[in-house]
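The values are calculated or read from the model by the stated rules, or taken from the named source; none is laboratory data. Please read all numbers here as calculations on a predicted model, not as lab measurements. All Cβ positions, glycine included, derive from the backbone under ideal geometry; neighbour counts span all protein chains shown.
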Amino acid sequence: MRVEIVEPKLFAGTIADELVALIGEAVEERGVCTMALAGGKTPGQVYRSLSLPPRVQDISWEKVKLFLGDERWVSHDDSHSNFRMVNEALLSHLRGAKPKVFNVDTNQSSAAEGAALYASTIEREVPKGPSGYPTIDIMILGLGEDGHTASLFPGSELLRSDPNVFCGYAKNPHDNSDRVTMLPSLIKAARSVMFIVKGMNKAEIVRQILEGSDSDERYPARMYVDIADKVTWFLDSEAASKIDAGKFS
Ligand code: 6PG
C-alpha cells in the first residue's frame, strides 16, 4: 500500500498526474482503460485537472470507459447527482475525443432496478481479469467521515453481499436517500484502487482507517486491507494530520 501526502495546493495535480500515467499504462497494455469515478465534493478538482492542458492532451479519451463507483438515486441534472458533478468538472470541457460514459440509469423504476441494470452494463463493458470478475483498471474512491466509501455505509448488508453480485442499492443513513453502488467484490477486483481524501474534517477517520484495526463492518473503507498491495491513499496534509506519516513512507 502507498500513502502519498500532498500539500493542498498540489493535491489535484498530483493525483491527476498519477491518473494520466495509469490510464496510459492500461491503454498501452490492453487498448482500453476502464475507470470508476468517486462522487462527492473531493474529486471534482481532480477531474477538472484532467480536462485542462497539458493533461487533457495526454489522455487517449476515445479509449477510456468511465463508470461511477456510486450514484445518488436522482435525475442526472439534480445538484446531488454524481454524474452531474463529473459532467461539470470533466466531460463538458472535453472538446476533442471523448470517453464512453456508462451511467447508472436513474430513470429506472427503482434503485433496485437501477443497480441490476448497472451490474449488467458493467459485466458487458468491463473485461474480466485473472480473478474471473469484471476488472476495472482504476477504481477511484472517497472516504466519508463515518468510514463509508462509495455508498457502502457502516453495518450495511451490502458489505457481505454475494461476490458474484457487482452492484447494489442502499439508503444513505444520514439522509435516507437512495443510492446505487458498486459492491466490494467488484471494487476489490480492480487493478488499481485509489482513495482520495482531503480536509481536516477527515483526519480522525483517516487515522481510524489507516492506524486502527476495526472491521470493514464498522468502517467499510477498511476493506482496503484485503487488497493493500494495489491501493494508494492520496491525502492532503490536513487529512493526514493525525497519522504517523513515517509509518507509511
Ligand atoms: C458519494 C461518494 C461518497 C464520497 C464520500 C466523501 O456519492 O458521496 O461516492 O463515497 O466519496 O462521502 O465525500 P466528500 O468528497 O464530499 O467528502
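Could we say that Arg84 is modelled with pLDDT of 95 or more, basic (Lys, Arg) and part of a loop (DSSP other than H, G, I, E, B) here? No: the conditions fail for Arg84. I'd like the residue in the range 130-186 that is over 24 Å from Ser109 (Cα atoms) and among the small types (Gly, Ala, Ser) and, out of all such residues, is surrounded by the fewest Cβ atoms within 10 Å (Cβ to Cβ). The qualifying residue surrounded by the fewest Cβ atoms within 10 Å (Cβ to Cβ) is Gly132. Of the candidates Ala240, Ala228, the single residue that is in contact (Cβ under 8 Å) with a residue 24 or more places away in the chain, of a type in the set (Gly, Ala, Ser) and part of a helix (DSSP H, G or I) is Ala228. Restrict the check to the range 128-151 and report whether at least one residue is away from the ligand (no atom under 12 Å from the Cβ), under 19 Å from Asp229 (Cβ atoms) and in a strand (DSSP E or B). Yes: the range 128-151 contains one or more residues that are away from the ligand (no atom under 12 Å from the Cβ), under 19 Å from Asp229 (Cβ atoms) and in a strand (DSSP E or B). Output the residue which, of all residues in the range 62-79 that are over 14 Å from Tyr118 (Cβ atoms) and touching a Ser or Thr at 6+ places or on another chain (Cβ under 9 Å), is nearest to the ligand (Cβ to nearest atom). Filtering the range 62-79 for residues that are over 14 Å from Tyr118 (Cβ atoms) and touching a Ser or Thr at 6+ places or on another chain (Cβ under 9 Å), the one nearest to the ligand (Cβ to nearest atom) comes out as Val74. Tell me whether the range 118-134 contains one or more residues that are within 21 Å of Thr42 (Cα to Cα), touching a helix residue (DSSP H, G or I) at 6+ places or on another chain (Cβ under 9 Å) and at pLDDT 95 or above. Scanning the range 118-134 turns up no residue that is within 21 Å of Thr42 (Cα to Cα), touching a helix residue (DSSP H, G or I) at 6+ places or on another chain (Cβ under 9 Å) and at pLDDT 95 or above.
Please go through (1) out of contact with any helix residue (DSSP H, G or I) (no Cβ under 9 Å at 6 or more places or on another chain); (2) surrounded by fewer than 22 Cβ atoms within 10 Å (Cβ to Cβ) for Gln208 and return the number of the only condition it doesn't satisfy. So the condition that Gln208 fails would be (1). The requirement of being farther than 18 Å from Asp146 by Cβ, modelled with pLDDT of 95 or more and under 17 Å from the mean Cα position of the chain (by Cα) is fulfilled somewhere in the range 169-178, by at least one residue.
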